[in-house]
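Here is the structure we will look at.
The values are calculated or read from the model by the stated rules, or taken from the named source; none is laboratory data. In this text, all values refer to a predicted model and were calculated from it rather than measured experimentally. Glycine also receives a Cβ, built like all others from the backbone with ideal geometry; neighbour counts cover every protein chain displayed. Ligands, DNA and RNA are stripped out before the accessible areas are found, and what is left, the full protein with its side chains, is counted by its heavy atoms. Shrake-Rupley method; radii C 1.70, N 1.55, O 1.52, S 1.80 Å.
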Amino acid sequence: MSQANQTTASVVTEFFIVGFPGLQPRFYSLIGALLFIIYIAVIIGNSLIVVLFVIERNLHKPMYIIMLSLSLSDIGFCTVALPKLISRYWFNDGYIGFYVCLFQRQLIHYFGTLNSLIMMTMALDRYLAICYPLRYPVLMTNRTMRLLIAFSWVTAMIAPTISLIQTVKLPFCGPNMIAHCFCDGSSINQLACADITVISLNAYAVAMFVLLMPFSFIIFSYLSILVSVLRIANAQGRMKAFSTCATQLTIITIYYVPRFAVYTSTNIPNTQMNSSIRIALVMFYSLLPPVMNPFIYCIRIKEIRQFFIKWCVNINRTSLKVHTLPTPK
């Protein structure tokens, strides 16, 4: 057989999602069930936010437009990432087509970038609301927020597409085992039959830009908020402002800090992280915020909590009326 035919025969047409390295097969069903519960929790919790926004016209305000967008993004990310991983552990079906894997990779990085931009928009909204409360209704209208959110959904595609173009040009002719829970840029590039040093550095630079630009603005905005809050004479007002921002800061910390650690350990020499720890961190910052977001907002934001209670009461009343209807003679 000629060298050309050997190369053609060995071209990778599909990848295999390994998942968590070193996990014993006896735990596969348990992990699959846990991931399934997480996925259902994300879908139900975030769909609740979407439904509340649709049926309650009073929630059509800038802050809730952000929450709607974040919920849709979280649903999209988990729908792209989790079903194949669940299938891998429940049915040992870890194989994924080459181009399907690239498509998953694109959407994984797209939703990651989108969440970063949405959180930057959320920080901007809180900055204007607390630092410029009198001008906030003029500066941040529903139309302005819709434009900012639309801008985020469109521009979030740029960075992943740049990295995808570089990945598509790489030759894949050897191993096809992706040591990760889903197809991501770094794991796929490491399987290429070529020197990926330049591509890895470019991908790292793009990732850092996508993360650092929003993160820098978020830090600036919350420092400004802190200064403004400390100037409030009313202790109750200070506590209310801190309470509003504390939840968002918690989610932001979970989202950004582990991400910086993972990206740095993957691309900077002499900072290599154990693969199991790296994957665990990725799953931590990828899945915890989508699970936490709807429950935190429903519990902590008074307006949403009131609408949710009213909605449940109305459903209960309707159910009682149906059950108390007189039986026809």
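Points worth noting:
- With a simple spin-label model that places each label point 7 Å from the Cα along the Cα-to-Cβ direction, the separation between Q24 and F217 comes to 4.9 nm.
- Spatially proximal aspartates and glutamates relative to K310 (Cα-Cα < 14 Å; intrachain offsets below 8 disregarded): E56
- Distances between placed amide hydrogens fall under 5 Å for E14 paired with F98, all partners being 5 or more residues away or on another chain.
- Peptides 173-186, 69-82, 87-100 ranked from most to least packed give 69-82, 173-186, 87-100, packing being the mean of other C-beta atoms within 10 angstrom over each peptide's residues.
- Note on segment 106-197: dipole from Cβ charges, positive end direction compared against I162, G185, A129; the farthest Cα belongs to A129.
- Shape call, segment 113-265: gyration tensor on alpha carbons, a/c limit 1.5: prolate
- Note on K61: aspartates and glutamates with a C-alpha under 15 Å away, same-chain residues under 8 apart excluded, are D125, E303.
- Solvent-accessible surface of protein heavy atoms, probed at 1.4 angstrom with all chains present, puts R231, R105 in the order R231, R105, largest first.
- Per residue, the accessible area of segment 1-118 comes to 46 Å² when a 1.4 Å probe rolls over the protein heavy atoms.
- With every protein chain in place, segment 24-85: carbon and sulfur % of accessible area (1.4 Å): 73
- Most to least accessible of E14, E56 (protein chains only, probe 1.4 Å): E14, E56
- For the pair L249 and V54, a Förster radius of 22 Å applied to the C-beta separation gives a FRET efficiency near 0.15, rounded to the nearest 0.05.
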